Every structure is written in structure tokens, then in C-alpha cells.
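Chemist: Please read through the structure below; I'll follow up with questions.
Every number here is computed from the coordinates shown, using simple stated rules; none is lab data. The shown structure was predicted, so the numbers you read here are calculated from the model rather than taken from an experiment. Cβ: placed from backbone, ideal geometry, glycine included. Neighbour counts: every protein chain shown.
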Amino acid sequence: MKNLWKASAPWVLLIGLASVQPGCVAAGAAAAGAGTGIYLTSRGAESIVKGPIDQVESRARAVLEKEGVNITGTQTEQSGDKRELKGTKGDVEVTVSMERQPEGTTKAEVTAKKNLVTWDKDYAQRVLNKIVQQG
């Protein structure tokens with residue numbers, strides 16, 4: 001009986017893991033905002049947003065103001081294809097990075113940095129969701 005258990009244990013483990021994986025993937029996608037096209041990154045959230053970069057930047061500024069984020073800096077690439085807004089809300093540094101995409105869309109990423117190693121992905125996702133909803 002011991003030899004049978006040793007031989008079948010890896011298969012039982014493998015089958016058990018395989019049956020768990022689809023549920024985990026679905027839960028992860030839902031948590032990342034898959035229904036809205038917002039995905040979590042290693043530091044925040046990103047999405048392809050409907051609207052040209054000028055419009056998305058205006059929406060991002062409006063959302064940051066409503067959120068009470070004090071915009072402390074802006075950066076625009078010479079071509080205008082990439083833009084960035086930086087600001088603070090309390091001890092959190094918020095950054096909205098935008099990049100022009102084809103067909104009148106903009107790739108936007110929001111990060112909310114609490115300190116050197118801690119990122120508030122939930123807050124970044126909420127801010128990006130508000131930018132997306134304004135479109």
C-alpha cells in the first residue's frame with residue numbers, strides 16, 4: 001500500500017492543482033478589473049482609454065483635482081506622444097503616465113506610491129477607473 005501511495009501522490013497533487021487553477025485565474029482577472037479593461041501592474045493599474053491623449057490628460061487632471069491630489073509636476077515628450085502628471089495626496093505620490101495609441105486611444109497607467117517599497121494598487125485602480133468613466 002505504501003508503494004501505491006508514493007506512486008500516485010504526485011498525480012493526485014497535480015490533478016488537485018489543475019482543478020484549482022481556473023478559479024484562481026478567474027478571480028485574479030475579476031480583481032484586476034477585467035470587466036472594465038483595467039489591469040493591475042506591479043506598481044498600479046493600466047488601461048487603454050478611449051480618447052486622444054489631450055482629452056485623457058484633461059480627464060486625468062480633473063480626476064486628480066477631485067481626489068484632492070496636488071499636482072506637483074508635468075512632463076510632455078517633445079512629440080506629445082507621452083505625458084505624465086505627478087502629484088501628492090498626503091504621503092502618497094500619485095503618477096498618471098499616458099501614451100498615445102492608434103485609433104484615438106491612450107494607454108494610461110496610474111501609480112500611487114506610499115514609500116520606497118509600498119504601492120497602493122487599489123487607490124491607483126480607483127483613480128484610473130474614474131479617468132476611464134469620464135470618457
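Chemist: Sort Asp120, Asp91, Asp54 so that the residue with the fewest other Cβ atoms within 10 Å of its own Cβ comes first and the one with the most comes last. Could the numbers behind the result be given before it?
Modeler: Numbers: Asp120 17, Asp91 8, Asp54 13.
In increasing order of surrounding Cβ atoms, one gets Asp91, Asp54, Asp120.
Chemist: Can you sort Lys121, Lys82 so the residue with the fewest Cβ neighbours within 10 Å comes first?
Modeler: Lys82, Lys121
Chemist: Give me Lys114, Lys107 sorted ascending by neighbouring Cβ count inside 10 Å, so fewest comes first.
Modeler: Working: Lys114 13, Lys107 16.
If I rank by nearby Cβ atoms, fewest first, I get Lys114, Lys107.
Chemist: Please list, short to long, the whole-number percent of alpha-carbon pairs of segment 56-135 in consecutive 5 angstrom bins beginning at zero.
Modeler: Bins of 5 Å from zero give 3, 16, 29, 25, 17, 8, 2, 0 percent of pairs.
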